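*Asks:* Pasting a structure here, questions to come.
The values are calculated or read from the model by the stated rules, or taken from the named source; none is laboratory data. Remember, it's a predicted structure, so these values are computed and weren't measured experimentally. Quick reminder, even Gly has a Cβ in these numbers, built from the backbone with ideal geometry, and neighbours come from all protein chains shown. Accessible surface is based on the protein model in full, side chains and every heavy atom, while ligands, DNA and RNA are left aside. Shrake-Rupley method; radii C 1.70, N 1.55, O 1.52, S 1.80 Å.
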Amino acid sequence: MIFASTFSASWMRSLLYLWLFAMALALAGGMPGSAAAAQQHGEITDMRVERTPEGLLLSAAWRLDLPSLVETALYQGIAMHFVAEAQVLRPRWYWSDRMVARATRYLRLSYQPLTRRWRLVQASSAQDLTGLGMALGQSFDELPEALAAMQRLARWKIAEADELDDERMYEVSFQFRLDTSQLPRPLQFGTLGKPGWAVALARRVELPPAEAAQ
């Protein structure tokens, strides 16, 4: 009974600390002048799409400036989840664009205060980030090294060849964003409506018909 009581008290203290941390970040995000600064989180600096016999390949690079609220949470040991998503769209003048294909990649960035090491895990599904599926994990000594590794994609297949018509033009939309739905519940409450947590970079390019691209 004594062990159970001690464990319960420890758990309640941890939960309280998390709530207090979430409230502190929420208040910081609502301070005057933070909204304007929060709009500048980087840009997509390069984006190329290739038609190949294997399918449609996307290469991209971007510059990500972590908001101070996100960086503070990372150093407190709270993992951040990011999503890279590409959509292949067929423009239609009479209706909204038709989505032909979509590809998604999930990234989890975390910091271990005890070892002072950064960990970046990438997977094709959110469930794989837990270690139950196929995922690529890398460790880094410094935050800039980890950010550099997550700010580029090389020849990522986003559509199969048989999903595309060589005679049609398409548009490819790419977005990289912070997934706040994966944050701890108390922290999710503190991020609602706060621009300091709205990290999203986007860009769209046209993909000409295969003959025009040659």
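*Asks:* I'd like the residue in segment 104-144 that is of a type in the set (S, T, N, Q) and under 18 Å from Thr72 (Cα atoms) and, out of all such residues, is nearest to the chain's Cα centre (by Cα).
*Replies:* Taking segment 104-144 and keeping what is of a type in the set (S, T, N, Q), we get 104, 110, 112, 115, 122, 124-125, 127, 130, 138-139.
Retained after the next criterion (residues that are under 18 Å from Thr72 (Cα atoms)): 110, 112, 115.
On the way: Ser110: 13, Gln112: 20, Thr115: 24 Å.
Out of the qualifying residues, it is Ser110.
*Asks:* Please identify the pairs in which a residue from segment 190-213 that is surrounded by fewer than 13 Cβ atoms within 10 Å (Cβ to Cβ) and assigned to a strand (DSSP E or B) has its Cβ atom under 8 Å from the Cβ atom of a residue that is modelled with pLDDT of 70 or more and of a type in the set (Lys, Arg), counting only partners at least 6 apart or on another chain.
*Replies:* Final answer for the pair search is Ala200/Arg177.
*Asks:* I would also like to ask the following. Please go through segment 106-125 and pick out each residue that is among the basic types (Lys, Arg) and either touching a Leu at 6+ places or on another chain (Cβ under 7 Å) or over 19 Å from Leu66 (Cα atoms) (or both). Steps first, please.
*Replies:* Step one: list which residues in segment 106-125 are among the basic types (Lys, Arg), which gives 108, 116-117, 119.
Answer for segment 106-125, where residues must be among the basic types (Lys, Arg) and either touching a Leu at 6+ places or on another chain (Cβ under 7 Å) or over 19 Å from Leu66 (Cα atoms) (or both): just Arg108.
Residues are listed down the side, and each one gets a yes or a no for (1) among the basic types (Lys, Arg); (2) in contact (Cβ under 8 Å) with a residue 24 or more places away in the chain; (3) farther than 30 Å from Asp165 by Cα:
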position: Gly77; (1), (2), (3): no, yes, yes
position: Phe82; (1), (2), (3): no, yes, yes
position: Trp95; (1), (2), (3): no, no, no
position: Arg102; (1), (2), (3): yes, yes, no
position: Tyr106; (1), (2), (3): no, yes, no
position: Ser110; (1), (2), (3): no, yes, yes
position: Gln122; (1), (2), (3): no, yes, yes
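*Asks:* Also, quick follow-up: Looking at segment 155-162, is at least one residue charged (D, E, K, R) and over 30 Å from Pro208 (Cα atoms)? It would help to see each step written out before you state the result.
*Replies:* Going through segment 155-162, the residues charged (D, E, K, R) turn out to be 155, 157, 160, 162.
Keeping just the survivors that are over 30 Å from Pro208 (Cα atoms) gives none.
No, segment 155-162 contains no residue that is charged (D, E, K, R) and over 30 Å from Pro208 (Cα atoms).
*Asks:* Exactly one condition in (1) touching a helix residue (DSSP H, G or I) at 6+ places or on another chain (Cβ under 9 Å); (2) open to solvent by 20 Å² or more (accessible area, probe 1.4 Å); (3) under 27 Å from Pro67 (Cα atoms) is false for Glu145; which is it?
*Replies:* Tallying (1) touching a helix residue (DSSP H, G or I) at 6+ places or on another chain (Cβ under 9 Å); (2) open to solvent by 20 Å² or more (accessible area, probe 1.4 Å); (3) under 27 Å from Pro67 (Cα atoms), Glu145 fails exactly one: (1).
*Asks:* Is it true that some residue in segment 158-173 is within 15 Å of Glu71 (Cα to Cα) and either surrounded by fewer than 18 Cβ atoms within 10 Å (Cβ to Cβ) or at pLDDT below 95 (or both)? Talk me through it step by step, then tell me what you get.
*Replies:* Going through segment 158-173, the residues within 15 Å of Glu71 (Cα to Cα) turn out to be none.
No, segment 158-173 has no match at all.
*Asks:* Next question. If I ask for residues that are within 16 Å of Trp156 (Cβ to Cβ), surrounded by fewer than 18 Cβ atoms within 10 Å (Cβ to Cβ) and basic (Lys, Arg), which ones from segment 48-86 would you list?
*Replies:* Scanning segment 48-86 gives a single hit, Arg48.
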